[in-house]
Amino acid sequence: MTERTVTAKHVPPARLAPQLRDAITRLNRRVRQARPVGDLTVTQLSALTSLRLAGALTPRELADVERVQPPTMTKIVAKLEERGLVRRTPHPTDGRQVILSATEGGQAVLDQFERVRDEWLARRLAELTEPDRETLRQAAEILQQLARA
């Protein structure tokens, strides 16, 4: 890549928003495509990630987080459980419910996926100039601020 000259110019937020959204979406899609060989679907991986982030959820809570219908989540959880990636434990206060959590094996699968994605992104970043990488480091901080707002 060639080094860019940064010029100060005003970009209205309404014009920047779709450009930034598109770039983030495309990069996210490309990073998600960098994954180890395996038969986990994107939906299964997403559900497992949600369990890792939350620690534990009921099937209904997981369906809500993943924005799918409970019967769909039941099928997803069944596949993950069949592979030993998710465990069910009794709900502490509601005997009709169960709590889902990622197993050590599920955590290991997520670690492997993250490692492969980070390696892909690191290779792409290595192709950039140092000033471009510094710009992206600064942009990452700004994007974190936007995400917290």
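Under conditions of 25 °C and 0.890 mPa s, region 57-145 yields 153 µm² s⁻¹ as its translational diffusion coefficient, taking Rh as the Kirkwood radius over Cα pairs in the Stokes-Einstein equation. Charged side chains reduced to their Cβ positions (Lys and Arg at +1, Asp and Glu at -1) give the chain a dipole of some 420 debye around its Cα centre.
Stretched out straight at 0.36 nm per residue, the stretch from Lys75 to Ile142 would grow longer than its current Cα-Cα span by 20.3 nm. Taking the helices alone, the chain has a mean residue ellipticity at 222 nm of -21500 deg cm²/dmol, built from -39,500 (n - 2.57) per DSSP H run of at least 4 residues and averaged over all its residues.
Local charge for Arg60 was computed over the other residues whose Cβ lies under 14 Å away, with Lys and Arg +1 and Asp and Glu -1, and equals -1.
Spacing of the modelled spin labels on Gln33 and Arg15, each 7 Å from Cα toward Cβ, amounts to 3.0 nm.
For the pair Glu119 and Thr58 in one chain, pulling the backbone fully straight at 0.36 nm per residue adds 18.6 nm over the alpha carbon distance. Result for the chain in a Gaussian network model with C-alpha springs under 10 Å: among Arg87, Arg115, Arg21, the largest mean-square fluctuation is at Arg21. Please work out, to two decimal places, the log10 of the ratio I(q)/I(0) at q = 0.12 Å⁻¹ from a Debye calculation in which every Cα of the chain carries one identical scatterer. Log10 of I(q)/I(0), two decimals: -0.68.
By the count of other C-beta atoms within 10 Å, a proxy for reagent exposure, Ile76, Ile99, Ile142 are ordered fewest to most as Ile142, Ile99, Ile76. Sorted fewest first by neighbouring Cβ atoms within 10 angstrom, Thr103, Thr89 come out as Thr89, Thr103. Here is the list for region 32-75: trypsin sites (Lys or Arg not before Pro) lying in DSSP coil, each with at most 10 other C-beta atoms within 10 angstrom of its C-beta, are Arg67.
Relative to one another, the C-alpha centroids of region 92-149 and region 13-41 are positioned 13 Å apart.
Each value in this text was obtained by applying a stated rule to the coordinates, not by laboratory testing. Being a predicted model, the structure only gives us computed values, none of them experimental. Cβ: placed from backbone, ideal geometry, glycine included. Neighbour counts: every protein chain shown.
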